[in-house]
Ligand code: ATP
Ligand code: LTN
């Protein structure tokens, strides 16, 4: 899709398109976050104007320990860079450093219907998981996400498929606002990878792998050690069969095949052929080793970055400054259209 949308001829005549995406610093980033989101971001950074955010304001919709949130905000930024995002080529910043996100979120909330927010499956899931804290922020989370995206006149939003519904809502809000006033926001499109769009839990393969899962064996962290990674794949839940073949009702093995394909670049049928006549045990071991090897340079780079807090602070500050300059323009346009008095 990237090449199709951004062929050479288009690049010469048109302004580069803008990309925006983010991850919440709500836990240890998993291979789901990597394969569904961050890995794809690195591919896009040369051809697009890319803005990647650590969405800490989204993270507090679920109760966070302050020291953990602060540490994970640094960790997430360091992981962005370790995964290959160049801070000189991209704007990397922390959401709470740019207050325009909260400002636009309020405005857009007045153009979003209660019924629309009630239909969001992530809200329903998270309400079930956090029954003692179904706060208003959890409910209006998609409005803040729409503000994140629309502030930067974003064309494309690379996310995992679980975010499609939120993206649709962001588009609806943009279209609604544009129709009520006049064209104000670029209407964004989702950019969802074909493979890795939804990595499932290793413990319950019908559920999405999630960094906030309380079962440590369910997800593989980007910073897990080689031994931990291999052990988790060895323990991965699969069906009672033994043939490494993609198929209906084989969620566990399908997930392992997908992960293996993402890390090796092989197709499903190539993988099936490679493991023909070999059992699940051997396959799980191979997936574990492949993932551990695939993440080793990221882990090494991360180790260096996380020790240099000063460097990370500097990236955060300069990212916030660049993001604020773009956001300011959208805010002033929106406020003029709404009818707020400017002084
Ligand atoms: P949480 O558990 O706190 O809800 P999460 O692990 O679901 O977090 P997010 O911060 O909500 O992660 O998502 C960041 C990005 O990673 C999004 O683009 C999302 O689509 C993608 N993503 C998250 N989990 C997966 C997954 N299992 N497979 C593919 N992509 C994923
Ligand atoms: N809701 C997203 C995180 C997120 C996001 C964004 C992604 C917040 N704001 C803007 C893309 C664009 C999630 O992955 N849970």
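Quick rundown of the values:
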{"read-out": "Prolate/oblate/rounded label for the range 1-142 (Cα gyration tensor, a/c 1.5)", "value": "prolate"}
{"read-out": "For the chain: relative contact order, % (alpha-carbon pairs under 8 angstrom, 6 or more apart)", "value": "21 percent"}
{"read-out": "Value of relative contact order over the range 44-112, rounded to a whole percent, pairs C-alpha under 8 Å and six or more apart", "value": "49 percent"}
{"read-out": "GNM flexibility winner over the chain from 322, 234, 129 (Cα, springs under 10 Å)", "value": "129"}
{"read-out": "Cα pair distances of the range 54-96 binned at 10 Å [whole percent]", "value": "27, 51, 20, 2"}
{"read-out": "Within the chain, helix-based [θ] at 222 nm, where runs of 4 or more DSSP H residues each add -39,500 (n - 2.57), nearest 500", "value": "-16500 deg cm²/dmol"}
{"read-out": "Packing rank of 132-141, 39-48, where each peptide gets the mean count of other beta carbons within 10 Å, highest leading", "value": "39-48, 132-141"}
{"read-out": "Ranking of 171, 328 by count of other Cβ atoms within 10 Å, fewest first", "value": "328, 171"}
{"read-out": "Rounded tilt (10° steps) of 100-109 against the dominant C-alpha axis of the chain", "value": "80 degrees"}
{"read-out": "Modelled label reach - residue 333, point 7 Å along Cα→Cβ, the range 76-105 residues with backbone N closer than 18 Å", "value": "100-105"}
{"read-out": "Taking only Cα atoms of the range 153-271, radius of gyration then Dmax in Å", "value": "18.6, 60"}
{"read-out": "Rounded if a/c under 1.5, otherwise prolate or oblate - the range 27-109, Cα gyration tensor axes", "value": "oblate"}
{"read-out": "Potential extension, residue 204-residue 128 segment - 0.36 nm per residue separation minus Cα distance", "value": "25.6 nm"}
{"read-out": "Gaussian network model of the chain, springs between alpha carbon atoms under 10 Å - residue of 22, 84, 221 with greatest fluctuation", "value": "84"}
{"read-out": "With Cα atoms, 0 to 90° folded angle of helix 280-305 axis to the chain main axis", "value": "40 degrees"}
{"read-out": "Exposure proxy ranking, count of Cβ atoms within 10 Å, fewest first, for 307, 53, 261", "value": "307, 261, 53"}
{"read-out": "Space enclosed by the convex hull of the alpha-carbon atoms of the range 235-343, per residue, Å³", "value": "208 Å³"}
{"read-out": "Spatial separation of Cα centroids for the range 230-259 and the range 271-301, in angstrom", "value": "12 Å"}
{"read-out": "Degrees separating the helix 309-338 axis from the principal Cα axis of the chain, which is the longest one", "value": "50 degrees"}
{"read-out": "Virtual spin-label span in nm between residue 317 and residue 179, 7 Å along Cα→Cβ", "value": "4.6 nm"}
{"read-out": "Stretch gain in nm, segment residue 121-residue 301, where the contour uses 0.36 nm per residue and the Cα spacing is subtracted", "value": "61.2 nm"}
{"read-out": "For the chain, built as a Gaussian network whose Cα springs stay under 10 Å, the top-fluctuating residue of 332, 240, 225", "value": "240"}
{"read-out": "Alpha carbon convex hull of the chain, projected area averaged over orientations, nm²", "value": "19.1 nm²"}
{"read-out": "Relative contact order of the range 157-224, pairs being alpha-carbon contacts under 8 Å that are 6 or more residues apart, as %", "value": "28 percent"}
{"read-out": "Using alpha carbons only: equivalent-ellipsoid semi-axes of the range 90-138, gyration tensor based, whole Å", "value": "24, 16, 10"}
{"read-out": "Least to most buried among 296, 201 (fewest other Cβ within 10 Å first)", "value": "296, 201"}
{"read-out": "Along each principal axis, Cα extent of the range 221-262, largest first, Å", "value": "32, 21, 13"}
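Each reported figure results from applying straightforward, stated rules to the coordinates on display, with no laboratory input. In this text, all values refer to a predicted model and were calculated from it rather than measured experimentally. Neighbour counts are summed over all protein chains in view; Cβ atoms, including those assigned to glycine, are modelled from backbone coordinates with ideal geometry.
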